[in-house]
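Visitor: This is the structure I want to talk about, given as structure tokens.
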Amino acid sequence: MSSETRPALGLFLYCGVIFMLGIYFTFAAVQGEYGLFRRAVVEADNIQLRHQLAELEGQILVMENRTRRLSDDYLDLDLLDQQARDVLGLVRGDEFVLR
Amino acid sequence: MTDTTQAEMVRADAAQAEQMRSGDGFIAALDQSGGSTPKALKLYGIEEDEYSSEEEMFSLMHQMRARIIKSPSFNGEKVIGAILFERTMDGDIDGIPTAEYLWTKKQVVPFLKVDKGLADPEDDVKLMKPMPDLDALCARGVSKGIFGTKMRSVVDGANPVGIKKIVDQQFELGMQILSHGLMPILEPEVTISIPDKAEAEDLLRDEILAHLDALPEGTEVMLKLTIPEKVNQYKALVDHPKVMKVVALSGGYSRDEANARLATQTGMIASFSRAMTQGLSAKQSDADFDKVLAETIDGIYQASVAG
């Protein structure tokens, strides 16, 4: 193998390795664990979890409101009547319920 | 019914209407329905082992109620109206039907709570359950000296479809109540913890205005609305010729926050649906009992007239 063919082979190998690395990193950048697709999935999860958080916080506010209005120093008679009917199934003797 | 009694009733109605229209003060809620009485009695210092039957429980409840009504500080100067539950309307105080006693002895205008609970949530609102016996109940109320009624439904979101349904139902039943000569208090409560409360209140105000304009001339209704977010949010309703009075419900705001917010709403008076049992006890002497009740009434009264 003359001296001219050896440098051409070396260059080829060098370019080949660089090219393979390029493909690998491109693939990893798109498909990889920390790639674009993964980021899109994570961002979608983030949005969904934020909605869920807002909904749960809303429910907490409603429950806090009800707890407060049915507490010892703030007994809201309307809410008490509503809960007695909804939860305890209260019906007056002279009433009939249409379902 | 003889002419004189008829004439007396007409005169009483006119005086009651005038008190509601111009009276300074607030509307109290006086009562419990069956399922919630043990809770109120416990607050009043009567434990569950101190009564053995439901009849005994209601009797104790009635004694507490009568004691509040007969207290010197409970009169029309500060408490311009009282909302009774059905069972209270059927009871007597010193042999006089409760509603009649409230007006003749105390100059407190009696109202009757007529709704029978709420339906399941739909379109972000909870409508009232059907009231097939409303006509009979109103007729009974008229015979017992009731001046008006109150019915509550709930708004849980700024949903135009739901808000239209809730106002439609309130005004439809309101017309039915008006046909009996009673003054309906329409109460579409906006839940204070919803994120879009201000927007819901705008939708509600506009929907109510549209329904008011559609009412026949000379008709009047009363409105009970959650204390709103914006200053003078319901001024157009307060000034409307077909609205006798707009009263505010606190819906869960603390007393200080409710008072501060109410002060920014000109023309709105308070209607606290809170039990007035706070600080009252069966074991107190009459003097102590009257003193605590007077303080409670005065506190709420000051908030009402601050606006």
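The values are calculated or read from the model by the stated rules, or taken from the named source; none is laboratory data. Model, not experiment: these values are computed from the prediction. A quick note on method: Cβ atoms are made from the backbone with ideal geometry, for glycine too, and the neighbour counts reach across all protein chains shown.
Visitor: Being within 24 Å of B:GLU187 (Cα to Cα), modelled with pLDDT of 85 or more and touching an Asp or Glu at 6+ places or on another chain (Cβ under 6 Å): is that true of B:PHE85 here?
Guide: yes
Visitor: Just checking, how many residues over segment B:235-272 are touching a strand residue (DSSP E or B) at 6+ places or on another chain (Cβ under 6 Å) and without any contact (Cβ under 8 Å) to a residue 12 or more places away in the chain?
Guide: 0
Visitor: Counting only residues that are farther than 21 Å from A:ASP78 by Cβ, crowded, with 16+ Cβ neighbours inside 10 Å and among the polar types (S, T, N, Q), how many does segment B:153-182 have?
Guide: Residues that pass the stated criteria total 1.
Visitor: Can you pull out the residues in segment A:58-93 that are part of a helix (DSSP H, G or I) and loosely packed, with under 12 Cβ neighbours inside 10 Å?
Guide: A:GLN59, A:ILE60, A:MET63, A:THR67
Visitor: Checking the structure you have, find out if any residue of segment B:274-288 is in contact with an Asp or Glu (Cβ under 6 Å, 6 or more places away or on another chain) and either among the aromatic types (Phe, Trp, Tyr) or over 24 Å from B:PRO188 (Cβ atoms) (or both).
Guide: Yes: segment B:274-288 contains one or more residues that are in contact with an Asp or Glu (Cβ under 6 Å, 6 or more places away or on another chain) and either among the aromatic types (Phe, Trp, Tyr) or over 24 Å from B:PRO188 (Cβ atoms) (or both).
Visitor: Test of understanding: among B:TYR101, B:TYR44, which residue is aromatic (Phe, Trp, Tyr) and modelled with pLDDT of 85 or more?
Guide: B:TYR101
Visitor: Say we look at segment B:155-184 and pick out the residues that are within 14 Å of another protein chain (Cβ to nearest Cβ) and at pLDDT 95 or above; which of these is farthest from the chain's Cα centre (by Cα)?
Guide: If we take residues in segment B:155-184 being within 14 Å of another protein chain (Cβ to nearest Cβ) and at pLDDT 95 or above, then B:ALA158 is farthest from the chain's Cα centre (by Cα).
Visitor: Please list, ordered by residue number, the helices (runs of 4 or more DSSP H) wholly in segment B:52-149 having 3 or more residues that are of a type in the set (A, V, I, L, M), surrounded by 17 or more Cβ atoms within 10 Å (Cβ to Cβ) and within 14 Å of chain A (Cβ to nearest Cβ).
Guide: B:54-70
Visitor: Determine whether B:GLU187 is under 21 Å from B:PRO121 (Cβ atoms), modelled with pLDDT of 95 or more and either among the aliphatic types (A, V, I, L, M) or not in a helix (DSSP H, G or I) (or both).
Guide: yes
Visitor: Free of Cβ contacts under 8 Å to residues at least 24 places away in the same chain and over 20 Å from B:GLY251 (Cβ atoms): is that true of B:LYS164 in this structure?
Guide: Here the answer is no, as B:LYS164 does not meet what is asked.
Visitor: Pick out, from segment B:205-307, the strands (runs of 3 or more DSSP E) lying fully within it that include 2 or more residues that are within 21 Å of the chain's Cα centre (by Cα) and either at pLDDT below 85 or exposed (fewer than 14 other Cβ atoms within 10 Å of the Cβ) (or both).
Guide: Because the criterion is at least 2 residues that are within 21 Å of the chain's Cα centre (by Cα) and either at pLDDT below 85 or exposed (fewer than 14 other Cβ atoms within 10 Å of the Cβ) (or both), the strands (runs of 3 or more DSSP E) in segment B:205-307 that meet it are B:268-272.
Visitor: Among the residues that make up segment B:159-176, is at least one of them in contact with a Lys or Arg (Cβ under 8 Å, 6 or more places away or on another chain) and not in a loop (DSSP other than H, G, I, E, B)?
Guide: Scanning segment B:159-176, I find no residue that is in contact with a Lys or Arg (Cβ under 8 Å, 6 or more places away or on another chain) and not in a loop (DSSP other than H, G, I, E, B), so the answer is no.
Visitor: Still on this structure: Residue by residue through segment B:201-231, note down the ones that are within 17 Å of B:MET20 (Cβ to Cβ) and small (Gly, Ala, Ser).
Guide: B:GLY218
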